[in-house]
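Values quoted throughout were computed directly from the atomic coordinates according to the rules given, and no laboratory measurement underlies them. Keep in mind that this is a model prediction, so the values were computed, not measured. Cβ placement follows ideal geometry from the backbone for every residue including glycine, while neighbour counts extend to all protein chains displayed.
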Amino acid sequence: MIGVSDLETVFHAEGSGTAEVETLSVKALLESNGIPTVLVGDPVFPNLPFEIKVDAHQAAWARRLIADAQLTGPASAEAGERKFECEHALLPPQDCDDSVE
């Protein structure tokens, strides 16, 4: 069993209007990659910071996933949206990449 002292903070967001959403997105990223998380923060007090803690043995991997997502997130999201739009004929064929069928 993991104790509180075995947890390491891998993500911190200062209290703001978007901190909770950003934190929940990172939490989903980590958990979808098999890393259990502990969320610290309270939506009742959104002006306070949010944190995500993980088992210290998985902290390096968690930080790597977060860094990769922050680097490729917007570009990957845009590419995924374009692919979806092309696959579902929501864009004219001339606007779609030839590799998307």
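What does the C-alpha gyration tensor say about the overall shape of the stretch 4-90? Classify as rounded when a/c is under 1.5, otherwise prolate if a/b is larger than b/c, or oblate. Note, shape of the stretch 4-90 comes out oblate. About the centre of its Cα atoms, the stretch 4-90 shows a dipole size close to 160 debye [charges on the beta carbon of Lys, Arg (+1) and Asp, Glu (-1) only; nearest 20 debye]. Each of Phe50, Phe45 was scored by other Cβ atoms within 10 Å of its Cβ. Listed from fewest to most, they are Phe45, Phe50. Extension gain for Thr9-Leu39 works out to 9.8 nm (0.36 nm per residue, less the C-alpha to C-alpha distance).
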